[in-house]
Amino acid sequence: MLAPSLLSADLADLKGAVAFLEAHGGSVVHIDVMDGRFVPQISYGQPVVQSIRPLSALPFDVHLMVERPEEQVDSFAAAGADWITFHLEASVHAHRLVQRIHGLGKKAGVSIVPSTPVEALSELLEYVDVVLVMTVNPGFGGQALIPSCLKKVRRLAELRAAEGLPFLISVDGGVNAQTLAAVRDSGADIAVSGSAFFSGGLQWEIS
């Protein structure tokens, strides 16, 4: 699945961006929410999600790059999120938060930054729907993929197969025409791409 990130779209024309996303193979709308604390920048919040919700029937994956994500999940669920992905590094009670997201009728995702090992997820893998592996340090678009992070994707794919777990593996950061094959071959199910996708100059083959 291809999950274009609206963070790299023209924010003055989100309606056009969503239409472009649907017309060019997007399967999931990836929405990066940044609070200026967990990551340096500030992006957008619940009103933006609510305003674009009527524009597409595709699932909205709200990626909470924020401190205290437990304070935000209810309002983003109400705004129209279908998947809510939080950072393991931002939540002490991650299992409780996964339960809360499921209680809202949404899919629960957990993300890790490049410095966090896969082993830190060991107690959550049987409960989550999506594991998002950041292959750049989050907070800015247009960065180059850190190749060593794909080792974590391969490890997650091995654990999933060995334990018979159903979670999807998503990769976010530096995904472009040059790196997509390596991302796919590592075992990822979902490729998040921002600036490379919205440049409009790429042909994606997701299969």
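The values are calculated or read from the model by the stated rules, or taken from the named source; none is laboratory data. Being a predicted model, the structure only gives us computed values, none of them experimental. Glycine gets a Cβ as well: all are built from the backbone with ideal geometry, and neighbour counts include every protein chain shown. When the accessible area is computed, the model is the full protein with side chains, heavy atoms only, and any ligands, DNA or RNA have been set aside. Shrake-Rupley method; radii C 1.70, N 1.55, O 1.52, S 1.80 Å.
Structure notes:
- Proximal charge balance of GLN72 [Cβ under 14 Å; K/R count +1, D/E count -1]: -2
- When +1 charges are put on Lys and Arg Cβ atoms and -1 charges on Asp and Glu Cβ atoms, the dipole computed for the chain relative to its Cα centre reaches about 80 debye.
- Euclidean distance between Cα centres, the range 108-181 to the range 55-100, Å: 17 Å
- Shape box of the chain [Cα atoms, principal axes, largest first, Å]: 41, 37, 30
- Of all DSSP beta bridges in the chain, antiparallel share, percent nearest 5: 5 percent
- With an a/c value of 1.5 or above and a/b not larger than b/c for the gyration tensor axes a ≥ b ≥ c computed over the alpha-carbon atoms, the range 63-176 is described as oblate.
- Loop sites in the range 98-207: GluC sites (Glu not before Pro), DSSP, at most 15 other Cβ within 10 Å: GLU123, GLU126, GLU205
- Dipole in debye (nearest 20) - the range 52-172, about Cα centre, beta carbon charges: Lys, Arg +1; Asp, Glu -1: 220 debye
- Partners of LYS151 within straight-line reach, counting aspartates and glutamates whose Cα lies under 16 Å from its Cα and excluding those fewer than 8 residues away in the same chain: GLU119, ASP172, ASP185, ASP189.
- Surface composition of the chain: carbon and sulfur make up 51 percent of the accessible area, probe 1.4 Å.
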